[in-house]
Amino acid sequence: MALAASLMIASGFAGLAYQVVWVQQSSLWLGQESAAVIAVVTAFFGGLALGAAVLGKRIERSVRPVRWYIACELTIGLWALILTLWLAPLTNLLLHLTGHAPSPLRQWLVCFGGTFIVLLPATMSMGATLPAMERAQLPGGKRALSALYAANTLGAMLGVLCTAFWLLPGFGLTRTVAVCVALNFVCAAAACALSVRAKPSAMAASSMRLTALALLMTTGLLGIGYEIIIVRALSQLTENTVYTFALLLAFYLAGTALGAAAYSRWLAHRDAAALRDRLLQWLALVCLFGLLALSSVHASTLTTLSREAWLAGLLFLAPTLLMGALFSHLITGARSAGLSPGQAIAANTFGAALAPPLFGLALIPLFALKVALLLLAAGYLILVSRRAWMRPAQWGAAAAISLALLALPPLRIVTIPEGGRLIRYTEGAMSSVAVVADAADVLTLRINNRQQEGSTITGFADGRQALLPLLLHTDPRSALFLGVGTGITAGSATLLPHLNVEAVELAPEVIDNLPLFASALPEGADP
């Protein structure tokens, strides 16, 4: 068991290290890290789900599951090497498929579909490693599965931290990949020492099976949905660097690993139905706590990194402890419903893969952060058994969520100067855009609260940024502005006759606010 746990730690380390590397690489062709995070996380969980579902069935019937584990580790390492050499031409092909002026549907289809296909051989193999190792360690029973999951998640947390803070800064992308490939190959070689035991397969088709699948998929969706919402909210309080992403992900994984370990040690023999209901209720309440914490948190005197670590711990540790325990509980109980570990993991990770587009691209822009988080909390409450609804605790949690929906103000993290006010606030798919007025009615445009993109009082300086380089040119005919902001810089360029002015903006919500800054344009400029 110790060797199996060590292999799961090393495998998890390499898997999440690859994820950090792929986010960095994908941001080059997707244009920004926010889009890269959503696309890579979706592709990552989608591949895990497919691997657990497709390969898990064969692993379940195999009399030599360790061979499957070895093959998966070798595939992961080899595909990572191939991507190191061929990712640039592959992403150039995806850019060509996207086109110069794609519709939003086409752009997101290529973004998600292309990233999914490019990473699929590695991510699909990653999804089969835990089922294969569980098969090889069957006599450990429930504790073996939850312990392996805890070890794998612990390795993933270490991989995120070491990659972001040590490997990437110290060795660069290529050497970091080489370290991870070496880990995959070492895992494959060391797995030869594992004992292999065959196991009969017994699948029962029943309503219990469908219920177990639905619970696993929905909790996967809600768990990653919570991560998407909190990361989006914290983007308005943190610096949004690779270190920020690494810290948030590390706390998420640390809590999940500790929750799985706690379940293996103390909770595995509790009453199954009662424990499931209690974990779901507590998850609903900690989601509500996250909303309250975000509503009250403000900039502090802590250093940037310590503040980000403090926020990550505050908002991630308690929920992910419960998520890790709940997943361990559901996956170990799946056998009684006739599900193999591969099927259970596939259902959970399939739900997780749906979370980034559902929450990031649909629910947050449609309902804003507060309602999206409360919908997530309500989702956990809905999953409890009928028996739980006969108890006051369940109705108390439901009442708390309803009260929060009615009484709490919208979750808008915007720094407003003394005597100022919020003019407009818009939640988009990639960013939150606010227009703030100070006591003198000067309007400022802010993206994710941290980026100030101009104001009505800086019109002269903003216009000069366009006119100086254009006047230095002997005969300018066209000008392209990357980033529109308040529109004052690009608008000032229209003062020059015979000049064709074009501007590119990543956030559509910025364009919607241009009329508020039209008064700052110089006289004669085209608004």
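The values are calculated or read from the model by the stated rules, or taken from the named source; none is laboratory data. Only a predicted model underlies this, so the values are computations on that prediction, with no experimental measurement involved. When we count neighbours, we look across all protein chains shown, and the Cβ atoms used for this are built from the backbone with ideal geometry, even at glycine. Calculation scope for accessible area: heavy atoms of the full protein, side chains included, ligands and nucleic acids excluded. Shrake-Rupley method; radii C 1.70, N 1.55, O 1.52, S 1.80 Å.
Add +1 for every Lys or Arg and -1 for every Asp or Glu among the other residues with Cβ under 15 Å from the Cβ of GLU418, and state the total.
Around GLU418, the charge tally is -1.
On a 0 to 90° scale, report how tilted helix 207-234 is relative to the longest principal axis of the chain, with both axes built from alpha carbons and the result rounded to the nearest 10.
With both axes taken from Cα atoms, the answer is about 30 degrees.
Where Lys and Arg each count +1 and Asp and Glu each count -1, what net charge lies around ASN513 among other residues with Cβ under 14 Å from its Cβ?
Result for the neighbourhood of ASN513: -3.
How large is the translational diffusion coefficient of the stretch 1-135 in µm² per second when you combine the Kirkwood radius over alpha carbon pairs with Stokes-Einstein at 20 °C and 1.002 mPa s?
My calculation gives 138 µm²/s for D.
Quick check: convex hull over the Cα atoms of the stretch 1-53, volume per residue in Å³, rounded to an integer?
It is 68 Å³ per residue.
Can you give the calculated 222 nm mean residue ellipticity of the chain, where each DSSP H run of n ≥ 4 adds -39,500 (n - 2.57) and the sum is split over every residue, rounded to the nearest 500 deg cm²/dmol? Mind showing how you got there, number by number?
On the way: 16 runs with 349 residues, N = 527.
That comes out to -23000 deg cm²/dmol.
Could you compute how much accessible surface GLU509 exposes when probed at 1.4 Å, giving the result in Å² to the nearest 10?
The accessible area comes out at roughly 30 Å².
Pick out, in residue order, every one of the GluC sites (Glu not before Pro) in the stretch 408-506 that is DSSP loop and has at most 14 other C-beta atoms within 10 Å; say none if there are none.
GLU418
In Å, the Kirkwood hydrodynamic radius of the chain over pairs of distinct alpha carbons? Please report the intermediate quantities before stating the final value.
Working: mean 1/r = 0.0404 Å⁻¹.
Final number for the Kirkwood radius of the chain is 24.8 Å.
Taking 0.36 nm per residue of sequence separation and subtracting the Cα-Cα distance, how much length would be gained by fully extending the chain between VAL186 and LEU210, in nm to one decimal?
Working it through step by step, the gained length comes to 4.8 nm.
Translational diffusion coefficient, Stokes-Einstein: compute it for the stretch 470-527 using the Kirkwood radius over C-alpha pairs as Rh, at 4 °C and 1.567 mPa s, and state it as an integer in µm² s⁻¹.
D, rounded to a whole number, is 109 µm²/s.
Considering only the chain, what is the antiparallel percent among its DSSP beta bridges, to the nearest 5?
Close to 75 percent.
What list of whole percents do you get for P(r) of the stretch 443-483, with Cα-Cα distances grouped in 5 Å bins up to the one holding the largest distance?
5, 18, 22, 21, 15, 10, 6, 2
How much net charge surrounds PRO522 when only other residues with a Cβ under 14 Å from its Cβ are counted (Lys, Arg +1; Asp, Glu -1)?
Here the count lands on -2.
Give me the percent of accessible area attributable to carbon and sulfur for the stretch 222-277, probe 1.4 angstrom. The partial results should precede the final answer.
On the way: 1210 of 1890 Å².
Within the stretch 222-277, the accessible surface is 64 percent carbon and sulfur.
Rounding to the nearest 10 and keeping the result within 0 to 90°, find how far the Cα-based axis of helix 33-61 lies from the longest principal axis of the chain.
20
Where nothing but the Cβ of Lys and Arg (+1) and of Asp and Glu (-1) is charged, how large is the charge dipole of the stretch 1-144 around its Cα centre, in debye to the nearest 20?
540
What value does the stretch 216-313 have for Rg/Rh, both radii from Cα atoms and Rh as Kirkwood defines it?
1.02
R0 = 30 Å: FRET efficiency of ALA362 with TRP86, Cβ-based, nearest 0.05? Please report the intermediate quantities before stating the final value.
Working: r = 33 Å, r/R0 = 1.09.
That pair, ALA362 with TRP86, gives E of 0.35.
With a 1.4 Å probe and all protein chains left in place, how much accessible area per residue does the chain have, in Å²?
44
Give me Rg over Rh for the stretch 332-483, both radii from the alpha carbons and Rh done the Kirkwood way, two decimal places.
1.20
Would you mind giving the three semi-axes, in whole Å and largest first, of the ellipsoid equivalent to the stretch 407-489 according to its Cα gyration tensor?
So the three semi-axes of the stretch 407-489 are 31, 16, 7 Å.
With a cut-off of 8 Å between alpha carbons and a minimum separation of six or more residues, what is the relative contact order of the chain in percent?
Computed over the chain, the figure is 17 percent.
Using the alpha-carbon atoms, what tilt in degrees (0 to 90, nearest 10) does helix 392-407 show relative to the longest principal axis of the chain?
It works out to around 10 degrees.
Calculated FRET efficiency, ARG464 and ASP441, Cβ-Cβ r, R0 22 Å, to nearest 0.05?
Given R0 = 22 Å and the Cβ-Cβ separation, E is 0.45.
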